[in-house]
1. Pairs needed: first member in the range 123-152, farther than 30 Å from residue 224 by Cβ and among the polar types (S, T, N, Q); second member anywhere, within 16 Å of the ligand (Cβ to nearest atom) and open to solvent by less than 10 Å² (accessible area, probe 1.4 Å); C-beta distance under 8 Å; at least 6 residues apart or different chains.
2. Which number in (1) part of a strand (DSSP E or B); (2) away from the ligand (no atom under 16 Å from the Cβ); (3) open to solvent by less than 40 Å² (accessible area, probe 1.4 Å) marks the one condition that residue 106 misses?
3. Which members of the range 109-120 meet the condition of being open to solvent by 10 Å² or more (accessible area, probe 1.4 Å) and part of a helix (DSSP H, G or I)?
4. Condition (residue is among the small types (Gly, Ala, Ser), surrounded by fewer than 22 Cβ atoms within 10 Å (Cβ to Cβ) and away from the ligand (no atom under 16 Å from the Cβ)) applied to the range 130-148: is it met by at least one residue?
5. Consider residue 94 against the criteria (1) without any contact (Cβ under 8 Å) to a residue 12 or more places away in the chain; (2) in contact with a Leu (Cβ under 6 Å, 6 or more places away or on another chain): it satisfies all of them except one. Which criterion is unmet?
6. Say we look at the range 86-103 and pick out the residues that are surrounded by fewer than 17 Cβ atoms within 10 Å (Cβ to Cβ) and over 28 Å from the mean Cα position of the chain (by Cα); which of these is nearest to the ligand (Cβ to nearest atom)?
7. Looking at 281, 287, which is the one that is more than 29 Å from the chain's Cα centre (by Cα), more than 20 Å from residue 110 (Cβ to Cβ) and open to solvent by less than 10 Å² (accessible area, probe 1.4 Å)?
8. Just name the residue that is farthest from residue 140 (Cα to Cα) out of those in the range 318-369 that are surrounded by 22 or more Cβ atoms within 10 Å (Cβ to Cβ), out of contact with any Lys or Arg (no Cβ under 7 Å at 6 or more places or on another chain) and among the small types (Gly, Ala, Ser).
Amino acid sequence: MADQHDENLLPDMLPLYYTRYFPQNIFCRWLSCGNNPKPLSNRELSFTLADDVYLRYLSINDQKEFQTLLQKKCPHKLDIGAVYNTKPSIDRHDAVVLARELVFDIDLTDYDEVRTCCQEAIVCDKCWKFMVVACEIIHTALRDDFGFQNILWVFSGRRGVHCWVSDYEARTLDSPGRAAVADYLCLIMGGENQNKKVHFASDLHSSIWRSLTIIDKYFEEILQDQELISTTEGLKSFLKMIPDETLATQVQENLERMPRSSLERWDTFVTTYNKYCKENINATRKIKYLVEEIKIQYCYPRLDVNVTKGFNHLLKSPFSIHPKTGKVSVVFKPEHAKSFKLEEIPTIYTLLDDSAQDNVQHQSNMRAAVKNFQELVFSLEKAEAMRRKNDANASLLEF
Ligand SMILES: [Zn+2]
């Protein structure tokens, strides 16, 4: 079957994919823009070859060289690194990182304690909703709180999404700046052994209220899909998030004697909580935002902050093939994340096999993904041209 994954077919198929489908021209334009003021050749690319052979510190001067390199090495996976002050090389220990897109990596495996439909590498349309919420929250924050414009969203190929911010201010952000952005966007704290991972001590920042408005659009669906409080185990972890013991006991008694529907149980919890707060004004300080904290813990994006904080963390390139699924890392618009269907994501097999059942659909989705990428690169080029013009004007005024 053409749409079934067989890693052994990749060596024959990848050269065709890179020539026919990989948007090499737009890709090089995207990287060139992101490299300014240094040339494209100062950007690190890395290839993963068959049998996990790993080539780091590759670089290209132009699209022609890129095409030759792709054909020669036939990478199973492509990653993008930072822009250095010199051509990247394993021997240049003194090389300094000058720029790098601000990147975010959100992976569904980090949701394994809240998602019940799948675990580990498996993903379905139910747990994809966590990614929909994540895209909307992160995109809105980057745009409205930080003023970024060039925000690229890419399907990671299996179970998550990557976000690349290419605005000049983002690319040249230093390490403490990156850490500050990551910390600002990170609300879920603590490891496996911590039951309650969200604590709001003072009044909530407007960005948290905004995130809650986004979560509320999907909360009931997720609550039911994931059966968050309908199972014995789910209910047990839920009760552990209630720090007030008297309230926790009341909630437990009320929920255990009712039907197992997560939605009905949630409504009963909220009613019990409101009543308890009214009757125990002195006890409410530490549970003032309990409902909000639980919603955040269930649905707020779980970021891999190390990827965002690090300067030279390599990240999988847009339109790279995921070697384990054959899926293309397509570029999508964040507002379309909710209509994203995992089975409609093009794979190298369906694209290259004219007789495959999904061939036509996948071809068309591939064209749409390239168009999304193109649009972003055009607007990035425009912004870069504008910035350079302003810089030139500013330096003229200095003389
Ligand atoms: Zn799932």
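1. From residues that are farther than 30 Å from residue 224 by Cβ and among the polar types (S, T, N, Q), there are no pairs.
2. Only one criterion is unmet by residue 106, namely (2).
3. Answer for the range 109-120, where residues must be open to solvent by 10 Å² or more (accessible area, probe 1.4 Å) and part of a helix (DSSP H, G or I): 109, 110.
4. Yes, the conditions are met somewhere in the range 130-148.
5. Failing condition for residue 94: (2).
6. 90
7. Step by step, each of 281, 287 is checked, and only 287 is more than 29 Å from the chain's Cα centre (by Cα), more than 20 Å from residue 110 (Cβ to Cβ) and open to solvent by less than 10 Å² (accessible area, probe 1.4 Å).
8. 326
The values are calculated or read from the model by the stated rules, or taken from the named source; none is laboratory data. Because the structure is predicted, anything quoted here is derived from the model rather than measured. Cβ sites come from the backbone with ideal geometry, for glycine too, and all protein chains shown count toward neighbours. These area figures cover heavy atoms from the full protein model, side chains too; ligands, DNA and RNA do not enter into them. Shrake-Rupley method; radii C 1.70, N 1.55, O 1.52, S 1.80 Å.
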